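Trainee: Questions regarding the structure given below will be posed in turn.
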Amino acid sequence: MLTCYIVDDEYHAIESLTDIILNTPGLELLGSTDKPLSALEVINSQQAPDLTFVDIDMPQISGIEFAGLINMYSTVIFTTAYPNFSLEAYDKQGFDYLLKPITYERFLKCINRYKAIKSTANASNVLASNDDYFYIKSEVKGKLVRVNYDSITYIEAALNYVIIHMDDDKNHMTYLTMGEISSQLPQDRFIRVHKSFIVNRDKIKAVGGNNIFMDEHLILTLGKAYRDEFYDNLNKKVIKTKRG
């Protein structure tokens, strides 16, 4: 059962999408709101929905800004009457972009694609169970590529894909979200430091403020939302003197 939540400032839009969700087998509607700021507490909790349908043109905070705050907890599907927002929407790692009025055919296509990707991710858990490596689908259809954990420097979000940056510069792009790949990486070896970056802890050379130095030429930005957790983990490895 996939759980859903709707954020839209127009009541009739909420009503229409609610009807679609309630009449789609396998979906459960957790709630809806016309106030995006009040939705943050719900979606940032441990009971965050699998899918959040977000209108783009809203008061208080735009749907684009809202998505940037919650896409680490829930998969965002944008809904809007304005097609010109599409590129910016995907830049915020939106899974899909539904143009109002939303047809059931288009809605179902989005849901089925999400289920297919989740199914692939769940199947790959078997491949990723080894402590040293995992497999991903490559850009070549039908080809699986082995990726060794030790060879990964960092992982970068790229619209609906992720780029796995390797030590040998032979990078891999695969059709996964940051949340999907993060959930399968060993947490003692990898940590998310930004909405767009996951780093291999063993590859970090130095840290200063909001900068993470992977080497003298590669500096990644530490995102505000990840700063506290990152430094909490980092401080466990810091040797401190007991002298006054």
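The values are calculated or read from the model by the stated rules, or taken from the named source; none is laboratory data. Fair warning: this is a prediction, and the values are worked out from it, not measured in the lab. All Cβ positions, glycine included, derive from the backbone under ideal geometry; neighbour counts span all protein chains shown.
Trainee: Considering Asp9, Asp34, Asp19, which residue is over 23 Å from Pro59 (Cα atoms) and charged (D, E, K, R)?
Mentor: Matching residue, one of Asp9, Asp34, Asp19: Asp19.
Trainee: Considering only segment 202-212, I want to know if a residue exists there that is in a helix (DSSP H, G or I), of a type outside the set (Phe, Trp, Tyr) and surrounded by 10 or more Cβ atoms within 10 Å (Cβ to Cβ).
Mentor: For segment 202-212, residues in a helix (DSSP H, G or I), of a type outside the set (Phe, Trp, Tyr) and surrounded by 10 or more Cβ atoms within 10 Å (Cβ to Cβ): present.
Trainee: What single numbered condition from (1) exposed (fewer than 14 other Cβ atoms within 10 Å of the Cβ); (2) among the charged types (D, E, K, R); (3) touching a residue at least 40 places away in the same chain (Cβ under 8 Å) fails to hold for Asp188?
Mentor: Unmet for Asp188, out of (1) exposed (fewer than 14 other Cβ atoms within 10 Å of the Cβ); (2) among the charged types (D, E, K, R); (3) touching a residue at least 40 places away in the same chain (Cβ under 8 Å): (3).
Trainee: Do you know which residues across segment 213-235 are among the polar types (S, T, N, Q) and either in a strand (DSSP E or B) or modelled with pLDDT of 90 or more (or both)?
Mentor: Hit for segment 213-235 is Thr221, nothing else.
Trainee: Those residues that are within 15 Å of Met1 (Cβ to Cβ) and touching a residue at least 24 places away in the same chain (Cβ under 8 Å), I need them from segment 32-73; list them, please.
Mentor: Answer for segment 32-73, where residues must be within 15 Å of Met1 (Cβ to Cβ) and touching a residue at least 24 places away in the same chain (Cβ under 8 Å): Ala48, Pro49, Asp50, Leu51.
Trainee: Exactly one condition in (1) on the phi > 0 side of the Ramachandran plot; (2) touching a residue at least 60 places away in the same chain (Cβ under 8 Å) is not met by Met214; state its number.
Mentor: Met214 satisfies every listed condition except (1).
Trainee: Still on this structure, I have one more. Of everything in segment 8-19, what is free of Cβ contacts under 8 Å to residues at least 60 places away in the same chain, assigned to a helix (DSSP H, G or I) and over 25 Å from the mean Cα position of the chain (by Cα)? Give them in sequence order.
Mentor: If the condition is that a residue be free of Cβ contacts under 8 Å to residues at least 60 places away in the same chain, assigned to a helix (DSSP H, G or I) and over 25 Å from the mean Cα position of the chain (by Cα), then Tyr11, His12, Glu15, Asp19 are the ones that fit.
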